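A.B. asks: What follows is a single structure, and I will ask about it in a moment.
None of the figures in this text is laboratory data; all of them are computed from the coordinates on show. It should be emphasised that the depicted structure is a prediction, and the values quoted were computed from it without experimental measurement. Quick reminder, even Gly has a Cβ in these numbers, built from the backbone with ideal geometry, and neighbours come from all protein chains shown.
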Amino acid sequence: VRHVVATGSAVASIAASALPLSLPASGMAGGGPPAAGIRETQAIYPPGARPTLPRLAPLGQVFDTYIVAEGPDGLYIVDQHAAHERVLYERLLAAHRRGGVSEQLLAMPVPVELTPADAARVTAHRDHLASLGFDLEAFGARTVLIRAIPAQAAGAAPDALVQRAVAALGEEGDHDDAVERLAIATACHTAIRAGDRLGPDAITALLADLAATEDPFTCFHGRPTMVAAGRHELERWFLRG
Ligand SMILES: [Zn+2]
């Protein structure tokens with residue numbers, strides 16, 4: 001696997017395009033797009049279709065950033081941050097829809113310094129924040145006391161998480177999508193990062209969690225969570241058949 005990824009010609013073809021896994025394959029065997037290498041899987045599904053991820057057997061991790069796995073139809077390379085982000089984001093919003101994002105209460109309230117504008121947003125968006133599990137209390141013009149954060153984010157440093165989430169409220173967008181922006185910021189901040197070494201159990205769990213999402217193939221930043229190469233692509237790389 002490392003060879004495939006590191007070889008110059010393979011790298012060139014990986015960059016080229018995307019591959020139609022699990023579809024009756026217009027692109028796999030002629031007739032479709034001129035696929036030369038690993039494809040972004042997102043391109044293959046008709047809009048509105050619920051894409052499903054086949055069962056993947058993990059093979060390992062590359063650069064502590066990508067998970068390499070075998071599927072019934074090909075080789076998959078998963079971006080661990082983008083994948084985990086997708087999982088956390090959907091869980092947060094699903095819990096929000098049910099009205100039940102669990103809070104992680106902090107043993108001691110943690111103070112965090114914000115810009116005056118962000119501190120004002122904490123008050124303006126109090127309900128949005130609370131509905132995602134953030135229990136925050138204004139404490140002076142720039143300081144906010146953190147009493148609870150979303151349970152999904154329990155591993156994150158509360159102060160950095162709150163700074164990031166509240167800053168996301170200041171981005172362009174409607175009041176209506178405040179919850180969405182908070183969920184995105186929380187998921188991005190909390191997710192496994194590039195460079196995190198993962199053990200076999202963590203890799204297996206992440207792939208299973210990703211497969212259970214509504215859209216396993218894209219992250220909310222619009223990037224793919226994975227690329228894949230079908231058996232035919234592999235054969236083409238090695239000039240077989
Ligand atoms: Zn991110």
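A.B. asks: Across region 114-169, what is the number of residues that are among the small types (G, A, S) and not in a helix (DSSP H, G or I)? Steps first, answer last, please.
C.D. replies: From region 114-169, those among the small types (G, A, S) are 117, 119-120, 124, 130-131, 133, 138, 140-141, 148, 151, 153-157, 160, 165, 167-168; that's our starting set.
Cutting the leftovers down to not in a helix (DSSP H, G or I) gives us 133, 138, 140-141, 148, 154-157.
Residues flagged as among the small types (G, A, S) and not in a helix (DSSP H, G or I) within region 114-169 amount to 9.
A.B. asks: Right, here's the next one. Looking only at region 191-205, decide whether some residue is among the small types (G, A, S) and more than 30 Å from A57 (Cβ to Cβ).
C.D. replies: The initial filter retains those residues of region 191-205 that are among the small types (G, A, S), namely 191, 194-195, 199, 202, 205.
Okay, now just the ones that are also more than 30 Å from A57 (Cβ to Cβ), so none.
Checked region 191-205: no residue is among the small types (G, A, S) and more than 30 Å from A57 (Cβ to Cβ).
A.B. asks: All but one of (1) among the small types (G, A, S); (2) closer than 30 Å to A57 by Cβ; (3) crowded, with 20+ Cβ neighbours inside 10 Å hold for A208; state the number of the condition that does not hold.
C.D. replies: Here A208 clears every test but (3).
A.B. asks: Here's a check for you: in region 46-99, which residue that is closer than 25 Å to D196 by Cβ and β-branched (V, I, T) is farthest from the ligand (Cβ to nearest atom)?
C.D. replies: V68
A.B. asks: Output the qualifying pairs, or none if there are none: Cβ atoms under 7 angstrom, residues six or more apart or on different chains, first residue in region 72-92 and under 16 Å from A185 (Cβ atoms), second residue part of a helix (DSSP H, G or I) and within 11 Å of the ligand (Cβ to nearest atom).
C.D. replies: Between residues of region 72-92 that are under 16 Å from A185 (Cβ atoms) and residues that are part of a helix (DSSP H, G or I) and within 11 Å of the ligand (Cβ to nearest atom), the close pairs are E85/A187; E85/C188; L88/A187; L88/T190; Y89/I184; Y89/A187; L92/T186; L92/A187.
A.B. asks: I need the full set of residues from region 210-241 which are within 16 Å of the ligand (Cβ to nearest atom) and within 21 Å of L132 (Cβ to Cβ), in order please.
C.D. replies: Hits for region 210-241 are T213, D215, C219, F220, H221.
A.B. asks: If you don't mind, another one. Could you check region 213-238 and list, in sequence order, the residues that are part of a loop (DSSP other than H, G, I, E, B), in contact (Cβ under 8 Å) with a residue 40 or more places away in the chain and out of contact with any strand residue (DSSP E or B) (no Cβ under 7 Å at 6 or more places or on another chain)?
C.D. replies: T213, E214, D215, P216, C219, F220, H221, R223
A.B. asks: Collect the residues in region 224-236 that are more than 16 Å from D73 (Cα to Cα) and not β-branched (V, I, T), keeping them in residue-number order. Reasoning before the result, please.
C.D. replies: First, the residues of region 224-236 that are more than 16 Å from D73 (Cα to Cα): 224-225.
Hit for region 224-236 is P224, nothing else.
A.B. asks: Shifting gears a bit: Being in contact with an Asp or Glu (Cβ under 6 Å, 6 or more places away or on another chain) and more than 15 Å from the ligand (Cβ to nearest atom) is the filter here, so list the residues in region 176-209 that pass it.
C.D. replies: The one that is in contact with an Asp or Glu (Cβ under 6 Å, 6 or more places away or on another chain) and more than 15 Å from the ligand (Cβ to nearest atom): R197.
A.B. asks: Between A151, A178, A191, which is within 15 Å of L93 (Cβ to Cβ), surrounded by 22 or more Cβ atoms within 10 Å (Cβ to Cβ) and not aromatic (F, W, Y)? It would help to see each step written out before you state the result.
C.D. replies: On the way: A151 fails: surrounded by 22 or more Cβ atoms within 10 Å (Cβ to Cβ); A178 fails: surrounded by 22 or more Cβ atoms within 10 Å (Cβ to Cβ).
Among A151, A178, A191, only A191 is within 15 Å of L93 (Cβ to Cβ), surrounded by 22 or more Cβ atoms within 10 Å (Cβ to Cβ) and not aromatic (F, W, Y).
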